[in-house]
Amino acid sequence: MLSPSDFIPKNYPKTVENGSFQWSAPSNIALVKYWGKKENQIPANPSISFTLKNCKTITNLSFSKIEKTDNFSFDLLFEGKSKESFRPKIQKFLERVEVYLPFLKEYHFTIDTQNTFPHSSGIASSASGMAALAVNFMSLEKELNPEMTEGYFNQKASFLARLGSGSACRSIKGEVVIWGNHNQTENSSDLFGIEFSELHHNFKNYQDTILLVDKGEKQVSSTLGHDLMNGHPFAERRFEQAHKNLSQIKTILTNGDVNEFVKLVESEALTLHAMMMTSMPYFILMKPNTLEIINKIWKFREQTSIPVCFTLDAGANVHVLYPANVREEVLQFIKNELVVHCQNEQYICDEIGVGAIEFTKF
Ligand code: DP6
């Protein structure tokens, strides 16, 4: 089993003075949820997610060699404009990953980022943002060590992304990614995500329409939320359940059983919110419109037998999940019945994607 020290590099065979890279990395939506963590971004339970395609962060990393300093030297841009409010988060990330990327204080960096989804839409930009940054740093490490294999590149990118935001480690590579030790998943690890490659064709191009119910700032940061699982009265049973649900959903995703998928995914979403409602302090992140949407999805499913279901993040927005072959019917239903429950009638059409992509240079 790999340990964090396996990601500390030996001497680099090459040097590089300056350059730039550009990568996009997507958001992801968990099917079995990560909720609760230990020291050093170690998850309390394993999780699995669909990688998205359209909701992504595009990050350009420029670097130039400087005299090694005691501090990190970096400028931050968001959509081309200076964004100092990102500094504390990036500073913390650099501190956490420095031991694994020992060149960080030998360069000045300009990190220029943009998201394809609307700002403060309630869509987690930390997963896509941290994943995009991690792959950029790995591109620089690969210049310093051109022998690096693709497997190591992706594994270490996921390892680094996790240190920025847990769920970010599931945004590097693969349509479906498992993160966290799970005794029924070979090579699974608390340190990085691994690709689940047995996806049945029923799940190919699976659709995720994200209904923006409440675009306001998060009431509860996910870091605080994870903390509330420490000493939570139901924590141990929840963690056990996540292990069981992960085993089950792997079978479902392999066999293509869309109806069983619906049950498990909705139960996971409601369990996540049940944990929030039963922590101390307790909170409710669903809004009346979240419940309106859920009830309408249930009614539509009962009437049509179309296997459409919902899942939730730590917020009020609803992810509507359904197979690609019922796209037209479900989109019509969303437009006719669900859009009225969205803020400014906003929703985002997304589907399963492949992970981070490098922009090729010309
Ligand atoms: C509810 O990955 O945002 O979306 O590790 O503190 O950055 P940090 O938390 P984060 O938590 C995501 C929680 C979740 C469920 C999930 O994505 O698995």
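The values are calculated or read from the model by the stated rules, or taken from the named source; none is laboratory data. This is a predicted model, so every value here is computed, not measured. Positions of Cβ are backbone-derived with ideal geometry, glycine not excepted, and every protein chain shown enters the neighbour counts. Note: areas computed on protein heavy atoms with side chains; ligands, DNA, RNA excluded. Shrake-Rupley method; radii C 1.70, N 1.55, O 1.52, S 1.80 Å.
At-a-glance table
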{"read-out": "Any chance residue 11 is touching a Lys or Arg at 6+ places or on another chain (Cβ under 8 Å) and not in a strand (DSSP E or B)", "value": "no"}
{"read-out": "Condition check for residue 343: open to solvent by 60 Å² or more (accessible area, probe 1.4 Å), touching a residue at least 40 places away in the same chain (Cβ under 8 Å) and out of contact with any Phe, Trp or Tyr (no Cβ under 9 Å at 6 or more places or on another chain)", "value": "yes"}
{"read-out": "Residue 64 modelled with pLDDT of 95 or more and either loosely packed, with under 15 Cβ neighbours inside 10 Å or out of contact with any Ser or Thr (no Cβ under 7 Å at 6 or more places or on another chain) (or both)", "value": "yes"}
{"read-out": "Residue 268 being open to solvent by less than 10 Å² (accessible area, probe 1.4 Å), in contact (Cβ under 8 Å) with a residue 40 or more places away in the chain and within 25 Å of residue 34 (Cα to Cα)", "value": "yes"}
{"read-out": "Hits in segment 156-202 (condition: over 15 Å from the mean Cα position of the chain (by Cα), open to solvent by 30 Å² or more (accessible area, probe 1.4 Å), more than 16 Å from the ligand (Cβ to nearest atom) and not small (Gly, Ala, Ser))", "value": "183, 184, 186, 187, 198, 200, 201, 202"}
{"read-out": "Single match in 29, 90 (criterion: closer than 20 Å to residue 158 by Cα, part of a strand (DSSP E or B) and not assigned by TED's automatic domain parsing to the domain that holds residue 264)", "value": "29"}
{"read-out": "Residue match in segment 43-51 (condition: β-branched (Val, Ile, Thr), in the same structural domain as residue 107 (by TED's automatic domain parsing) and part of a loop (DSSP other than H, G, I, E, B))", "value": "no"}
{"read-out": "Selected residue (criterion: farthest from the ligand (Cβ to nearest atom)) from residues of segment 120-155 that are open to solvent by less than 20 Å² (accessible area, probe 1.4 Å) and of a type in the set (Ser, Thr, Tyr)", "value": "139"}
